[in-house]
Amino acid sequence: MALSPELLNELRRFDTPTVANALDLVRGTRSAEGFSRLPLVAADPSAAPLVGYARCAKIRALTPPEEDAAVIRERRLAYYRYVADSPADSLMVIEDEDGEEAVGAYWGEVNTCLHKRLGVDGVLTNGVIRDLDDLEPDFTVLGGRVGPSHAYVRVTAVDVPVRVFGLDIAPGDLIHADKHGAVRLTSDEAQTLPEAIATIIGAEQELLASARVPGFDFDALLEAWEAFEKRRV
């Protein structure tokens, strides 16, 4: 079920750690699944979070291709058609199959411009990014590392499940991602998140306000923490 643009915009107001905390509250338990586990590089750490539906593909660049050039070109054009057909509030999630040996930047000035014009909001990729000073404005780029070359980069698969930063993502999954990492959530969870976020933020603000009162000590911590736990229930 597609969420309203208003709800997605509301979720873009909050960073991904806040959303992760609120998801624990919504689900009634903590979890070690459903979020990225490896560090990423934000081309612009001040950029708004990416919130939307995953459009997925795979690339590789470390070694020369063995396929015919015509096959590679046909797949590249099929990929851009896939991007152009993306529904509203889509983001790209691209797995570089070279993993820790990734060397080829697929994301730079040209591709961020093309993707923005084709209607997607940004990219989450474990691959290489470049052209940091020339990336398309208002297109969020979250990558695995920065590098200078595109090497032998080419698209290897389109509209398939991917794994980036230790997180499995399938086409159509709802994703919230920023400079801290990414979380995967359901539409039902997203609808209850604003209330949970308000609860989390209210509880944290009360705890911090107590901690900043002159004379704060361990006894004050115990009292403040008890109130904090009650607010989070």
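Percent antiparallel among DSSP beta bridges with both residues in the chain, to the nearest 5? Taking every DSSP beta bridge with both residues in the chain, the antiparallel ones total about 55 percent. Estimated at the nearest 10 Å², the accessible area of residue 26 is 50 Å² with a 1.4 Å probe. The residue list 87, 16, 65 was ranked by how far each Cα lies along the charge dipole of the chain toward its positive end, using unit charges on Cβ atoms, and 65 comes out on top.
Evaluating 6.51 cos²θ - 1.76 cosθ + 1.60 at θ = phi - 60° for every residue in the stretch 155-171, the Karplus couplings come out as 6, 10, 7, 10, 6, 10, x, 9, 9, 10, 6, x, 10, 7, 9, 10, x Hz, glycine and proline recorded as x. The residues of the stretch 36-154 expose, per residue, 48 Å² of accessible area to a 1.4 Å probe. Between residue 205 and residue 24, what FRET efficiency follows from the Cβ-Cβ distance if R0 is 25 Å, with the result rounded to 0.05? Here the calculated transfer efficiency is 0.90.
How much FRET efficiency would the formula 1/(1 + (r/R0)^6) give for residue 68 and residue 118, where r is the Cβ-Cβ distance and R0 is 25 Å, rounded to 0.05? Show your work: numbers first, answer last.
Details: r = 26 Å, r/R0 = 1.04.
My answer for the efficiency is 0.45.
Karplus-based coupling profile of the stretch 131-145, in residue order and whole Hz: 6, 4, 8, 10, 5, 4, x, 6, 10, 6, 10, 10, x, x, 6, with θ = phi - 60° in 6.51 cos²θ - 1.76 cosθ + 1.60 and x standing for Gly or Pro.
Put 130, 154 in order of accessible area, largest first, 1.4 Å probe: what do you get? Don't jump to the answer; show the numbers that get you there.
Details: 130 60, 154 30 Å².
So the residues, ranked largest to smallest area, are 130, 154.
Hey, what angle do you get for helix 109-118 against the long axis of the chain, alpha-carbon based, 0 to 90 degrees rounded to 10? Helix 109-118 sits roughly 80 degrees off the main axis of the chain. How far is the Cα center of the stretch 54-115 from the Cα center of the stretch 130-204, in Å? Each part's Cα centre sits 15 Å from the other's.
A probe of 1.4 angstrom, applied to the heavy atoms of all protein chains, finds residue 55 with accessible area near 40 square angstrom.
Computed log10 I(q)/I(0) for the chain at 0.07 Å⁻¹: -0.27, from the Debye equation with unit scatterers placed on every C-alpha and solvent omitted. Overall form of the stretch 119-159: oblate. Here a/c, set by the Cα gyration tensor axes a ≥ b ≥ c, is 1.5 or more, and a/b is not larger than b/c.
Which shape class, rounded, prolate or oblate, goes with the stretch 90-132 when its Cα gyration tensor gives a ≥ b ≥ c as root eigenvalues, a/c under 1.5 marks rounded, and past that a/b bigger than b/c marks prolate? Numbers along the way, then the final one.
Working: a/c = 3.05, a/b = 1.59, b/c = 1.92.
Oblate, because a/c is 1.5 or more while a/b does not exceed b/c.
Secondary-structure-derived ellipticity at 222 nm for the chain, considering helices only, amounts to -12000 deg cm²/dmol, per-run term -39500 (n - 2.57) for DSSP H runs with n ≥ 4.
Under a Gaussian network description of the chain, with springs only between Cα atoms under 10 Å, the residue in 142, 193, 208 that fluctuates furthest is 208.
Roughly speaking, to the nearest percent, how much of the chain's 1.4 Å accessible area is carbon and sulfur?
Values: 6290 of 12140 Å².
C and S fraction of accessible area: 52 percent.
Which whole-number percent gives the relative contact order of the chain, counting Cα pairs below 8 Å spaced six or more residues apart? Can you show the working numbers first?
Details: 464 pairs, mean separation 68.0, N = 233.
After rounding, I find 29 percent.
Under the classification rounded if a/c is under 1.5, otherwise prolate if a/b is larger than b/c and oblate if not, where does the stretch 119-233 fall, given a ≥ b ≥ c as square roots of the Cα gyration tensor eigenvalues? Taking the square roots of the gyration eigenvalues as a ≥ b ≥ c, the stretch 119-233 is prolate.
The values are calculated or read from the model by the stated rules, or taken from the named source; none is laboratory data. Fair warning: this is a prediction, and the values are worked out from it, not measured in the lab. Cβ atoms come from the backbone with ideal geometry, glycine included; neighbour counts cover every protein chain shown. Please note that ligands, DNA and RNA were not included when accessible areas were found on the heavy atoms of the full protein model with its side chains. Shrake-Rupley method; radii C 1.70, N 1.55, O 1.52, S 1.80 Å.
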